[in-house]
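Colleague: Below you will find the structure I want to go over with you.
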Amino acid sequence: MERGEASSSSLRSPSEYQHAQQLQLQQQQQPPSRYESQKRRDWNTFGQYLKNQRPPVPLSQCNCNHVLDFLRYLDQFGKTKVHLHGCIFFGQPEPPAPCTCPLRQAWGSLDALIGRLRAAYEENGGSPETNPFASGAIRVYLRDVRECQAKARGIPYKKKKKKTNPSKASEESSSAIHFP
């Protein structure tokens, strides 16, 4: 250590250091939140998807096309009926009978998935500038899915207006971790 520099532990009193260690230990002992568990599961699933490609795709070479292919691949596991243009129930929110239209992933599920994968990418060392989940092509795809599903169900999508809550905003900014 050079002169004028001090380690972070020498700047703390013994009680502050013990308190910091206790907090760190508590955080390690608590199970991850539902969001963190989903994010980890989604990240592992996407990684497995890339490995199963022929040839396998290293994460460092992943781009928005791989993400779009992954989203289309997930449609086969969807549970949302999306009526096709030729279907007699197209545009009806609650059709009276079953039809052969495909099941797809719901727009909201895909949107949440992309949000979790976008965060996981950066938490796992990816740069925000190269994040394939933040690509404009992904936003366009999600918008198209949302509009298509809304038309198929006959429900117009209306963007919700954001409510401003000044007390919540100040609480969030005061509890946020700021780096020097």
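The values are calculated or read from the model by the stated rules, or taken from the named source; none is laboratory data. Quick caveat: nothing in here was measured; it's all calculated off a predicted structure. Glycine also receives a Cβ, built like all others from the backbone with ideal geometry; neighbour counts cover every protein chain displayed.
Colleague: Can you report the number of residues in region 89-124 which are in contact (Cβ under 8 Å) with a residue 60 or more places away in the chain, among the small types (Gly, Ala, Ser) and either assigned to a strand (DSSP E or B) or closer than 30 Å to residue 59 by Cβ (or both)?
Modeller: The number of residues fulfilling the criteria is 2.
Residues checked against (1) at pLDDT 95 or above; (2) among the hydroxyl-bearing types (Ser, Thr, Tyr); (3) outside any helix (DSSP H, G or I):
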| residue | (1), (2), (3) |
| --- | --- |
| 3 | no, no, yes |
| 7 | no, yes, yes |
| 16 | no, no, no |
| 20 | no, no, no |
| 44 | yes, no, no |
| 47 | yes, no, no |
| 56 | yes, no, yes |
| 60 | no, yes, no |
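Colleague: Related question: Looking only at region 132-144, which residues are buried (at least 18 other Cβ atoms within 10 Å of the Cβ) and either in contact with a Phe, Trp or Tyr (Cβ under 7 Å, 6 or more places away or on another chain) or closer than 16 Å to residue 62 by Cα (or both)?
Modeller: Result: 132, 133, 134, 135, 138.
Colleague: Please enumerate the residues belonging to region 89-103 that are on the phi < 0 side of the Ramachandran plot and surrounded by 11 or more Cβ atoms within 10 Å (Cβ to Cβ).
Modeller: 89, 90, 92, 95, 99, 101, 102, 103
Colleague: Follow-up. For region 70-88, which residues satisfy the criterion of being surrounded by 15 or more Cβ atoms within 10 Å (Cβ to Cβ) and assigned to a loop (DSSP other than H, G, I, E, B)?
Modeller: 78, 82, 83, 87
Colleague: Turning to a different aspect of this structure: Could you please find all residues in region 94-143 being of a type in the set (D, E, K, R), at pLDDT below 95 and closer than 20 Å to residue 76 by Cα?
Modeller: 104
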